[in-house]
Amino acid sequence: MTLDCRNEGLLNQYGQHVALDSERIPRNNAVGQFAEALAKAWAEYNNPRAVVMVVVQAEERNMYDQHLLCTILKERYPFRRL
């Protein structure tokens, strides 16, 4: 099991009830690294009109993962929003 930013707060709040210590679970920074890679790719493209687009299909099971990725991009990188 790895810990990402979505689960850390839940584990800190409820970890004692399920006998888990959030400090002992390895961190999972994949979504932050993915956001960083997209931001770097956008910068390398060297076109201020370029966009980073995330397409979510109607019955997508990973829509919350994609939403988290978009949230991190908005928080950490100064992209123009459409």
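The values are calculated or read from the model by the stated rules, or taken from the named source; none is laboratory data. Only a predicted model underlies this, so the values are computations on that prediction, with no experimental measurement involved. Positions of Cβ are generated from backbone atoms using ideal geometry, with glycine treated the same way; all protein chains shown enter the neighbour counts.
In this structure, is Val31 in a loop (DSSP other than H, G, I, E, B), surrounded by 10 or more Cβ atoms within 10 Å (Cβ to Cβ) and modelled with pLDDT of 85 or more?
no
Look through Pro78, Pro48 and report the one residue that is surrounded by fewer than 11 Cβ atoms within 10 Å (Cβ to Cβ), out of contact with any Lys or Arg (no Cβ under 9 Å at 6 or more places or on another chain) and in a loop (DSSP other than H, G, I, E, B).
The unique qualifying residue is Pro78.
Any chance you could count how many residues in the range 51-75 are in a loop (DSSP other than H, G, I, E, B) and without any contact (Cβ under 8 Å) to a residue 12 or more places away in the chain?
Result for the range 51-75: 9.
For the range 19-49, give me each residue that is of a type in the set (Val, Ile, Thr) and touching a Ser or Thr at 6+ places or on another chain (Cβ under 7 Å).
Ile25
Ala41: in a helix (DSSP H, G or I) and loosely packed, with under 14 Cβ neighbours inside 10 Å, yes or no?
Spelling it out, Ala41 is indeed in a helix (DSSP H, G or I) and loosely packed, with under 14 Cβ neighbours inside 10 Å.
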